[in-house]
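Report on one structure; see the data block that follows.
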Amino acid sequence: MKKLGALLLAGTLMMSFVLGGCGSSSAPASSDSGAKESKATEAPASGAIKVGVVNNPPSESGYREANVKDMESVFSADNGYELKTFYSLKNDEQLQAAQGFITEGVDYLLISAAETTGWDDVLKSAEEAGVKVYLFDRMIDVDESLYEAAVVSDMSAEGKLAVDWLLAQNLPEYNVIHIQGAMGSDAQIGRTGALDEQFASGKMTKVVQQTATWDEAEAKKIVESVINSGEKFNVIYAENDGMAKGAVAALDEAGITHGVDGDVVVMGFDCNKWALRELLAGKWNYDGQCSPFQAQVISDLIKGNKTASEKKIINEEKGFDAKTITQEDIDTYGLGE
Amino acid sequence: MKKKSKSIFQGGLGQLTIPVIAIALLVLFNLIRDPSFFSIGITHNNDGNAVLAGNLISIVNSASELAVLAMGMTLVTAACGGQDISVGAAAAIAGSTFVKVLKSGGSISGLTVLAAFLMACVVAMLFGTFNGTLVAVFKIQPMIATLILYTCGRSIAYWINGGATPTVSSPILTGIGSFIPGIPIPTPVIIVVVVAVIFRLVFHFTSLELFTQSVGINGSAARLNGINVTGIKLLSFIILGLCVAVAGCIGVCRLGLINHETLLLDVEMDTILAVAIGGNSLGGGKFRISGSIIGAYVIQMLTITLYAMKVSSTDVKAYKAIVIIILVVIGSPVVKSRFEKMMRQRQERKVPVTAKGAK
């Protein structure tokens, strides 16, 4: 009995450790702690610019996958770079890797940090070693002088772009089902903000506002419950593509038309390729994107093609309308496959 | 009337008392709140089929994965006296395998769907065997043993496809995850019935039920009576593996996409709850699969009721917790025995009164 108790206690401890780990990381893929070893690209050309990239692992999300691919394709040997990469969700592992890159003598250090704190010492030693630092995707809490520039997304601009598009549709009335992402995440806050303003001003009516925590099946349940209650709605604003797909599945089962010629306007975010194809087919109406493509901007800055007017460079966000989207857009901007 | 209620409380429904009371209370609550909650209508879906629609259908439909998992979990619970907390992660692996096989071929035909499903079953059973070996052979507490797969399962699911949300689309998959043309009942509901019938048949034609119970009640005694204890425990995990594969594939077919991070997220806890609400002892031993199925529907009904009341989904979990605490406490042995004692005392007090009145 004593043994059993001890085992259970150990189990609870381990559980709480695992769960605690989930809570502290902002990414959903907390189960993936496997940090991937850094690897140098093959056959470094002499005189190539040495770049060390510290990023989150591609398994974190479709966004990150595209982000990592973008980095690898822009900082390629063909473009005159020698790339070293390190991927981890853990800040301390990232810090060690960054320190390692500085010791190895990279010319540039590119960082998308897991957490905003703890980076002062590493960035100072980079400064002493003459390594220039660029931040991408995420800001870090350090003095501005410690990095050259930060290329980041403005999440609220992304939400505003989408809501402005919705207003431009001039619907006779706006009865919106708003399906939110995991509460408190950057993407959720940014994508919710602009719509909340419309609810507050009375221009749009909130039929329901629920979080499905990025879960497709949960989004379907939320929309189903609205349909079953018989309330009127004509807009679905889902904060990512997966949840929009869940919502559409509920509409399909209830025989409600959606998309370009349908009764319900469907809006998603992230611009996965499959979602953009739904747009092209006219089944959805809008897809917004928080752009994961920062590598070209940084490359231009490194090579001196452009100079940064400000330390914080806001990456241009995109939004696609089903009426104007082309196959080319899907190939260029779509994430995943 | 009194006799009937007495028999219910003193074991007329046996272990099903709690789940049946729970579902009755939920139905009553909804009837008072809004009788139209239960209205079922027929609508035409976007494929042009006449299908049933309404909250009840939503409940029964969306509880399907949970019900299938709860059936397998009941068996593991009964045999091992512990629970498998990796079912959600394992379902993500099974679902990813399903999608991987579907995408490897060119077009999706009935045969490829079958092949993909069988492959998912094999993979899920392998992971079930892994868990089962740790529990049955190495005698590790089930929760600790399955914690390993719980932690790494969703990463493995990611490796299988390499993409964040691969999609598959085919009328066959829509048929499995939503409605088959001409049949107004959601296909996942039919799948639950099929799985339940299979369990019934297995229990009828084999001694699995009896063996599982004996292993759960007293492993050493079962071993002395010639039952292969290790084998039975292992088998329970492999059967759960099959259930996991079925649940994972339903989940994928519903939406035509697999998101390794969100597919059946947190389902392990709901599954264990379903088993507990079903009146099964979480310490192993006697069990009733039907209780777990009702438990699954109780949980789903609770969720849909809260959604219908427009409770914010961030709060849903808290409300769910309150209701579940009440259910579990009512079902606890202490409350049960107190209640029985109370009923008996009242009975004894009443007997002389009525006797006097008769005079």
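The values are calculated or read from the model by the stated rules, or taken from the named source; none is laboratory data. The structure presented is a predicted model; accordingly, all values stated were derived computationally and were not measured. All Cβ positions, even for glycine, are placed from backbone atoms using ideal geometry, and neighbour counts span all protein chains on display. When the accessible area is computed, the model is the full protein with side chains, heavy atoms only, and any ligands, DNA or RNA have been set aside. Shrake-Rupley method; radii C 1.70, N 1.55, O 1.52, S 1.80 Å.
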Checklist entry - Given 0.36 nm per residue, what is the gain on full extension from A:Thr117 to A:Ile189 after removing their alpha carbon distance, in nm? => result 23.8 nm
Checklist entry - Under a point spin-label approximation (7 Å from Cα along Cα-to-Cβ), what is the B:Val122-A:Met139 distance to one decimal in nm? => result 5.3
Checklist outcome for this item: Per residue, accessible area of the range A:251-304 with a 1.4 Å probe, heavy atoms of protein chains only, in Å², comes to 30
Item to check | Area hidden from solvent between A and B (accessible, protein heavy atoms only, 1.4 Å, total, Å²) | outcome: 3800
Next on the checklist: For the range B:96-118 and the range A:288-311, what is the centre-to-centre distance using only Cα atoms, to the nearest Å?
Outcome noted: 42
Checklist outcome for this item: Once normalised by the length of the range B:199-326, the mean sequence separation of its alpha carbon contacts under 8 Å that are 6 or more apart gives a contact order in percent of 18
Checklist entry - Over what distance in Å are the Cα centres of the range A:146-177 and the range B:39-56 separated? => result 35
Checklist entry - Once you list every other residue whose beta carbon is under 13 Å from the beta carbon of B:Gly54, what net charge do they have if Lys and Arg are +1 and Asp and Glu are -1? => result -3
Checklist entry - Listed here are the pairs A:Lys124/A:Lys306; A:Lys160/A:Lys312; A:Lys203/A:Lys232; which of them are more than 22 Å apart at the Cα? => result A:Lys124/A:Lys306
Checklist entry - With every protein chain present, what accessible area does A:Trp284 have (1.4 Å probe, heavy atoms only), rounded to the nearest 10 Å²? => result 0
Checklist outcome for this item: Excluding ligands, DNA and RNA, the carbon-plus-sulfur percentage of the accessible area of chain A with a 1.4 Å probe reads 52
Checklist entry - If you roll a 1.4 Å probe over the heavy atoms of the protein chains, what accessible area per residue do you get for the range B:2-358, in Å²? => result 44
Next on the checklist: Rounded to the nearest 10 Å², what accessible area does B:Lys286 have for a 1.4 Å probe in the complete protein model?
Outcome noted: 140
Checklist entry - Top to bottom by accessible area (1.4 Å), largest first, where do A:Thr117, A:Thr85 land? => result A:Thr117, A:Thr85
Next on the checklist: Using Cα-Cα distances under 8 Å and only pairs 6 or more residues apart, what relative contact order does chain B have, in percent?
Outcome noted: 29
Checklist entry - What ranking of B:Ser332, A:Ser156 comes out by heavy-atom accessible area, probe 1.4 Å, highest first? => result A:Ser156, B:Ser332
Checklist entry - Among B:Lys100/B:Lys139; A:Lys245/B:Lys317; A:Lys220/B:Lys310, which pairs are too far apart, with a Cα-Cα distance over 22 Å? => result B:Lys100/B:Lys139; A:Lys245/B:Lys317
Checklist entry - Under a 1.4 angstrom probe, counting protein chains only, how are B:Arg338, A:Arg138, B:Arg200 ranked by accessible area, largest first? => result B:Arg338, B:Arg200, A:Arg138
Checklist entry - How much solvent-accessible surface does A:Tyr237 expose, in Å² to the nearest 10, with a 1.4 Å probe and all protein chains in place? => result 0
Item to check | Mean Cα-pair separation over length for chain A, i.e. relative contact order, pairs under 8 Å, 6 or more apart, % | outcome: 14
Checklist entry - When chain A is treated as a GNM, springs tying every alpha-carbon pair under 10 Å, which of A:Lys203, A:Lys50, A:Lys160 comes out with the largest mean-square fluctuation? => result A:Lys203
Next on the checklist: Once you order the gyration tensor axes a ≥ b ≥ c over the Cα atoms, which shape class does the range A:170-218 get: rounded for a/c under 1.5, otherwise prolate or oblate by comparing a/b with b/c?
Outcome noted: oblate
Checklist outcome for this item: Note on chain A: alpha-carbon gyration tensor, axes a ≥ b ≥ c; rule is a/c under 1.5 for rounded, else prolate if a/b larger than b/c, else oblate; result oblate
Next on the checklist: Could you give each residue of the range B:31-44 its phi-based ³J(HN,Hα) in whole Hz, using Karplus coefficients 6.51, -1.76, 1.60 with θ = phi - 60°, and x for Gly or Pro?
Outcome noted: 5, 5, 5, 6, x, 5, 4, 8, 5, 10, x, 10, 10, 9
Checklist entry - Can you list the HN-Hα couplings for the range B:259-265, worked out from phi with the Karplus curve (6.51, -1.76, 1.60; θ = phi - 60°), rounded to whole Hz and with x for Gly and Pro? => result 10, 4, 7, 10, 4, 6, 5
Checklist entry - Taking Rh as the Kirkwood radius, which is the inverse of the mean 1/r over Cα pairs, what is the Rg/Rh value for the range A:36-147? => result 0.94
Item to check | For the range A:97-200, accessible area per residue (1.4 Å probe, heavy atoms of protein chains only), Å² | outcome: 41
Next on the checklist: Can you classify the range A:157-265 as rounded, prolate or oblate using the Cα gyration tensor, where a ≥ b ≥ c are the square roots of its eigenvalues, rounded means a/c under 1.5, and otherwise it's prolate if a/b beats b/c and oblate if not?
Outcome noted: oblate
Checklist entry - GNM, chain B, Cα, under 10 Å: largest mean-square fluctuation among B:Leu208, B:Leu28, B:Leu52? => result B:Leu28
Checklist outcome for this item: The convex hull of the Cα atoms of the range B:2-358, divided by residue count, gives a volume in Å³ per residue of 176
Item to check | the range A:36-147 - share of DSSP beta bridges that are antiparallel (%, nearest 5) | outcome: 15
